Each structure stands twice: as C-alpha cells, then as structure tokens.
1. Go through (1) modelled with pLDDT of 90 or more; (2) under 30 Å from PHE193 (Cβ atoms); (3) open to solvent by less than 40 Å² (accessible area, probe 1.4 Å) for VAL67 and report which single condition fails.
2. Quick one: how many residues across region 32-47 are open to solvent by 50 Å² or more (accessible area, probe 1.4 Å) and in a helix (DSSP H, G or I)?
3. Which residues, counting only those in region 158-177, are of a type outside the set (A, V, I, L, M) and either surrounded by 14 or more Cβ atoms within 10 Å (Cβ to Cβ) or not in a helix (DSSP H, G or I) (or both)?
4. So ALA189 fits all but one of (1) in contact (Cβ under 8 Å) with a residue 24 or more places away in the chain; (2) over 23 Å from GLU101 (Cα atoms); (3) buried (at least 16 other Cβ atoms within 10 Å of the Cβ); what number is the exception?
5. Which one of the conditions (1) of a type outside the set (Phe, Trp, Tyr); (2) out of contact with any helix residue (DSSP H, G or I) (no Cβ under 8 Å at 6 or more places or on another chain); (3) at pLDDT 95 or above does ILE72 fail to meet, given that it meets all the rest?
6. Restricting to region 150-198, give me the number of residues that are over 15 Å from PHE116 (Cβ atoms), in contact with a Phe, Trp or Tyr (Cβ under 6 Å, 6 or more places away or on another chain) and aliphatic (A, V, I, L, M).
7. Can you tell which of GLN70, GLN134 is under 24 Å from ARG222 (Cα atoms) and in a helix (DSSP H, G or I)?
8. Could you pull out the residue among ASP146, ASP204 that is without any contact (Cβ under 8 Å) to a residue 40 or more places away in the chain and outside any helix (DSSP H, G or I)?
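The values are calculated or read from the model by the stated rules, or taken from the named source; none is laboratory data. If you're wondering where the values come from, they're calculated on a predicted model, not measured in any experiment. So basically every Cβ, Gly included, is an ideal-geometry build from the backbone, and we count neighbours across all protein chains shown. For accessibility, only protein heavy atoms count, side chains too; no ligands or nucleic acids. Shrake-Rupley method; radii C 1.70, N 1.55, O 1.52, S 1.80 Å.
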Amino acid sequence: MTLTITYDILYIRYFRIATEGGIFLDPVRQVTLSEEVYQRLRTAIFRGEMVPGQRMDVKALSSALQVSIQPIKEALNRLELEGVVVIKPRIGTFVRNLTLEDVNNILDCRLMIEEFAVSRLTDLPEGILEEMRQAEQYMRNCVNSDPFPYHDYNEGDICFHEALVKIAGNAELFRLYRSLHSHYLTEWAYFSFAWQKAMSNDVDHDLILHAIASKDEETARRLVGKHIRSAQRGLKEAFTR
C-alpha cells in the first residue's frame, strides 16, 4: 500500500510514504543553502543556544557555519519577518527578547480575528474544508513521525488556521493575520515540549473542523476561543519553565 498526500497550500514540504509492510519512509529533501542556514540559526535560538538580546554578528556566523555572508543575511531577514530577531540599522541584529506579555497580546489579536472569521460560515469559500482537512492530516502525519518534525508540524498548523481565516473573505484581515506571525512565536515558546502540545491540538483541530463543516457558528466560535485561550495558559507554564 502506498499513501501519497498532495498539498496545494503554502509552506508544506513534508511527505510521508507508507511502503509495503507499513514501514514509513521520508523522501530525501533538497534544500537551499539559505534554508539550511535559516534552520540552523532558528533551532539554535529556539533551543536557547542564542539567548534573548544576544547580538548575531554576520561575519562571526559566516565563519562558524563556513558559508558566505549572503545566506546569513537572507536567513536573518527571514527570522526578522517571523518576529524572532530584531534588526537595528547600523547597529546590528539581535535575538528578540520575547516576553509572555508579547505573545499573549499577539494571541489576543489572533483570537479576535479567528472568532470573527468563523462567524461567517453561511457561505464557505470553495475548497476551504478540503484545505483544512489536508492540513489536519498533514499535522497528524508529523505527530506520528520519529523524530517529531516540529517545524514541519507548525507549518501545517499555520495552513489550518490561515484557511480558517480565509472564511471571512476579507483580504485585508488575512494580510493582518499573517503579519502577526503568532505561530512562529508560540513555536519558539513551546519548543521544549512541542510534541505534547501537538497531541493536545489534534483533538481541538478535529472539533473545530467538524463545527465549521456543520456551519455551526456558535460552536465554532466557542472552540476557537477555547483553543487559543488554552495556548495562552500553556504559554504561561512555558515561560515559568
């Protein structure tokens, strides 16, 4: 039996193939040098190997990773867009000093947008349910992988919630939602116990999707609120650790 999953949504790069006998294999993935540098720096920050406020010297990183300056700059620009680092012109690049208040404020914004989106279930955009189902299945496949590909799982989570926001049919709202980069910041905060968080999310996503498919606005709003408030409570624990 061979299982192949096709995702026509942004960011998905991870595919699982079940071979005869139920053995799961991950195909070899070719990544650019810039992508590899980005992953190395991102993981170092998330693991606490680079601490908040630490200056990220481009030349020193270039020497340490044995690459040219260009992929370092590209990776840092990407991390800045995700809210992980702060680039100060003519001063330098620093690991962001992320606080619980920062993340809670961003999640409050996300809560308002997502609750608004699921209050518009009367006329679902074509293909939106399939998009959400594919993202949900993708996340499930990641959870069943060993080692757990947290970054890939998080990309699936982004796809699920961005599809949810598309329900509102408001391009400006969608742009605003994406500019929050909330999933990257919560991924950073939850890094030390990512798998446990993913397991608890699985049930939430399933219930949210069922309510949306049923066009049950009241239940969908309640579940979305519960899902995000649960994340806020978990973040408090994460920052305590």
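1. (2)
2. Of the residues in region 32-47, the ones open to solvent by 50 Å² or more (accessible area, probe 1.4 Å) are 32-33, 36, 40, 47.
Now drop any that are not in a helix (DSSP H, G or I), which leaves 33, 36, 40.
So the answer is 3.
3. As a first pass, look at region 158-177 and keep what is of a type outside the set (A, V, I, L, M): 159-162, 166, 169-170, 172, 174-175, 177.
Across region 158-177, the qualifying residues are CYS159, PHE160, HIS161, GLU162, LYS166, GLY169, ASN170, PHE174, TYR177.
4. Every condition holds for ALA189 apart from (2).
5. For ILE72, the failing item is (2).
6. Counting residues in region 150-198 that are over 15 Å from PHE116 (Cβ atoms), in contact with a Phe, Trp or Tyr (Cβ under 6 Å, 6 or more places away or on another chain) and aliphatic (A, V, I, L, M) gives 2.
7. Working: GLN70 fails: under 24 Å from ARG222 (Cα atoms).
None of the other options fit; the residue is GLN134.
8. Working: ASP204 fails: outside any helix (DSSP H, G or I).
From the options ASP146, ASP204, the qualifying one is ASP146.
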